[in-house]
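The values are calculated or read from the model by the stated rules, or taken from the named source; none is laboratory data. Just so it is clear, the structure is predicted and the values come from calculations on it, not from any experiment. So basically every Cβ, Gly included, is an ideal-geometry build from the backbone, and we count neighbours across all protein chains shown.
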Amino acid sequence: MRRTLIIVLLTVVSLTTGKLLTTPPVYATSEKIESVESYSHKQSMLVSSNRHTYVWNVKHTKVEYDLREHPTINLYATKKVSLSLNSSPAENYYYVQNYTHKIHGYVLAKLLIAGRYIKGGYYSYPTKGILLSTISYPDDTNKAGAQSAYPLNGWKTSSSLRPFARMPSIKQMITVLKFFNNNSKNHNLSIGLRWRSNPGVRIVFKTINQPHVTVRMPVLQLYAGSKEDPYWDTRANFWEASDLVKSKAIPTTNFGKESYFAVNYGLEYRFPDTSAQHSLQTYLRDMEQIKRIYSSGLGANHNLSLVDLNGWLRYVVTDDIFYIPANKPVLKDDIWYGTQDPSSPLGEKWIIQRQRTLLKSLNPTISNIYRRIFNNGFTQFQYQNGKWQQQFEVSLQDSTSPDVAVRLYTPSSPVSDLEQPYTMIPPTSEATKALLYKPTSYFEKILSNR
């Protein structure tokens, strides 16, 4: 009868308090301290899992709290001890206390993680490279990805990136996380910043570990993938994401339904500083269409615009944005310029229709030269024997130096012409545009001397 009564009382306590959902572990009858490591500075800790995490009194004879019921309490470890209980193998414990010292005692070390909760629903886990997250470590079903490498194309050096390798302030990070957490379906965002199926956003340090470049960079990650297989995916570095948030992602110009193409010809940048890094998206043989312009006047020289470039955030030189009618060429210095291929009707029906419209406007009696612009160069066509035929292609390429490599080749050029640049030019807007507007005779002379 007494045993039954005790079980009933324990059940009532569990249901009314909600603190101890299962019976705590067996209390120690003896303990032996094997080692002690004291901390000169208190180490901030949070629970690392959703399991029961008990705070024991100093003699390890009584459970004072179950931290599973207090997942956002910041605990401060003053020392780590190795305890042997009841002659069992020793385990590491932290002696912790909260800010008010109301909670204090020993906690099994493997159940805690270095971290800090910040009011508003934000978690920081510095030893994991997680600067700030809207998802707690116990609730993160895919904890990987924070410390893996961050691919950053193009030219850069450790010293040029250093101004952007610093840790943002807590206030800056909260501003960015709050915006993206509340705007997951905002259609003014580039597709790369909207594509996710799970709530969650975080800022982590990722390492750029490439030849002659080893820095850690704060980046924005979204909780992507499927509900069954979620993962963290890097979508932008922190600084471009921060500039987007300052604009509230409200485009100053939107080209989604316009009859004009906005095309970036030349270099693109990942930071609001053209000397930090630059690149050319050389894997595309089509123009990089700018979908939206979010803000302009950025950078030290106020000459950069933050844009949605084919679904991704990029900085471009404002003067490098070419506004070209979708179906009509533009005449400059007796050369036609456009974005459509006039030579062969390939692709989807709407592409073929645009090409037919282009050909109606492309008058060879005014000029028999047409240059089709794409993001890292152009293809020149000449009207011969009743049709537009390709003459040569100029391609801008990244190089191991700050300068831009320029390749020039014809449809019949040997492979060596495709692989070797004929010249190097400075990585400036002026240099790349000067190449675009050079006369045909300039390129024909180079080709004839090969």
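Output the residues belonging to the stretch 225-254 that are polar (S, T, N, Q), in a strand (DSSP E or B) and either crowded, with 22+ Cβ neighbours inside 10 Å or within 12 Å of the chain's Cα centre (by Cα) (or both).
Filtering the stretch 225-254 for residues polar (S, T, N, Q) gives 226, 234, 237, 242, 247, 252-254.
Filter once more, so that each one left must be in a strand (DSSP E or B): 234, 237, 253-254.
Of everything in the stretch 225-254, those that are polar (S, T, N, Q), in a strand (DSSP E or B) and either crowded, with 22+ Cβ neighbours inside 10 Å or within 12 Å of the chain's Cα centre (by Cα) (or both) turn out to be 234, 237.
Would you call residue 116 exposed (fewer than 14 other Cβ atoms within 10 Å of the Cβ) and of a type in the set (D, E, K, R)?
Spelling it out, it is not the case that residue 116 is exposed (fewer than 14 other Cβ atoms within 10 Å of the Cβ) and of a type in the set (D, E, K, R).
Which of the following residues is at pLDDT 90 or above and either more than 38 Å from the chain's Cα centre (by Cα) or part of a helix (DSSP H, G or I) (or both): 430, 393?
430
Any idea which of 65, 94, 125, 106 is crowded, with 16+ Cβ neighbours inside 10 Å and in contact with a Ser or Thr (Cβ under 8 Å, 6 or more places away or on another chain)?
Residue meeting the stated conditions: 125.
Name the residue that is modelled with the lowest pLDDT, counting only residues in the stretch 138-161 that are of a type outside the set (Phe, Trp, Tyr) and outside any loop (DSSP other than H, G, I, E, B).
149
Might you let me know whether the stretch 171-188 holds any residue that is part of a loop (DSSP other than H, G, I, E, B) and either under 24 Å from residue 268 (Cα atoms) or in contact with a Cys (Cβ under 8 Å, 6 or more places away or on another chain) (or both)?
yes
Among the listed residues 435, 408, 418, identify the single one that is part of a helix (DSSP H, G or I) and more than 15 Å from residue 266 (Cβ to Cβ).
On the way: 435 fails: more than 15 Å from residue 266 (Cβ to Cβ); 408 fails: part of a helix (DSSP H, G or I).
Step by step, each of 435, 408, 418 is checked, and only 418 is part of a helix (DSSP H, G or I) and more than 15 Å from residue 266 (Cβ to Cβ).
Conditions (1) of a type in the set (Val, Ile, Thr); (2) surrounded by fewer than 16 Cβ atoms within 10 Å (Cβ to Cβ); (3) in a strand (DSSP E or B), marked per residue:
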{"position": "363", "(1), (2), (3)": "no, yes, no"}
{"position": "367", "(1), (2), (3)": "no, no, no"}
{"position": "379", "(1), (2), (3)": "yes, no, yes"}
{"position": "383", "(1), (2), (3)": "no, no, yes"}
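Name the single residue that is nearest to the chain's Cα centre (by Cα) among those in the stretch 171-194 being without any contact (Cβ under 8 Å) to a residue 60 or more places away in the chain and within 14 Å of residue 134 (Cβ to Cβ).
Out of the qualifying residues, it is 177.
Residues that are farther than 26 Å from residue 174 by Cα: which strands (runs of 3 or more DSSP E) entirely in the stretch 26-137 hold 3 or more of them? Before you say what the answer is, go through the steps one by one.
Values: elements: 31-47, 54-56, 63-66, 75-85, 91-97, 104-108, 112-114, 116-118, 122-125, 130-133.
Ranges flagged: 31-47, 54-56, 63-66, 75-85, 91-97, 104-108.
Looking at 128, 80 in this structure, which one is under 23 Å from residue 204 (Cβ atoms), in contact with a strand residue (DSSP E or B) (Cβ under 8 Å, 6 or more places away or on another chain) and charged (D, E, K, R)?
When all the criteria are applied, what remains is 128.
Is it the case that some residue within the stretch 113-124 is touching a residue at least 40 places away in the same chain (Cβ under 8 Å), farther than 30 Å from residue 201 by Cβ and among the hydrophobic types (A, V, I, L, M, F, W, C)?
No, every residue in the stretch 113-124 fails to be touching a residue at least 40 places away in the same chain (Cβ under 8 Å), farther than 30 Å from residue 201 by Cβ and among the hydrophobic types (A, V, I, L, M, F, W, C).
Among the polar types (S, T, N, Q) and at pLDDT below 80: does that describe residue 382?
Against the criterion (among the polar types (S, T, N, Q) and at pLDDT below 80), residue 382 does not qualify.
If we scan the stretch 208-224, do we find a residue that is outside any strand (DSSP E or B), over 13 Å from the mean Cα position of the chain (by Cα) and under 23 Å from residue 291 (Cβ atoms)? Show your work before the answer.
Going residue by residue through the stretch 208-224, those that are outside any strand (DSSP E or B) are 211-212.
If we keep only those that are over 13 Å from the mean Cα position of the chain (by Cα) as well, we get 211-212.
Subset that is under 23 Å from residue 291 (Cβ atoms): none.
Checked against the condition, which is being outside any strand (DSSP E or B), over 13 Å from the mean Cα position of the chain (by Cα) and under 23 Å from residue 291 (Cβ atoms), the stretch 208-224 yields no hits at all.
Return the residue satisfying two criteria in turn: it lies in the stretch 311-329 and is part of a loop (DSSP other than H, G, I, E, B) and touching a strand residue (DSSP E or B) at 6+ places or on another chain (Cβ under 6 Å), and of such residues it is nearest to residue 377 (Cα to Cα).
Among residues in the stretch 311-329 that are part of a loop (DSSP other than H, G, I, E, B) and touching a strand residue (DSSP E or B) at 6+ places or on another chain (Cβ under 6 Å), the one nearest to residue 377 (Cα to Cα) is 329.
Out of the stretch 189-207, which residues are out of contact with any strand residue (DSSP E or B) (no Cβ under 7 Å at 6 or more places or on another chain) and outside any loop (DSSP other than H, G, I, E, B)?
Selection gives 191 alone.
Given the conditions (1) of a type in the set (Gly, Ala, Ser); (2) farther than 22 Å from residue 155 by Cα; (3) modelled with pLDDT of 90 or more, which single one is not true for residue 276?
Condition not satisfied by residue 276: (2).
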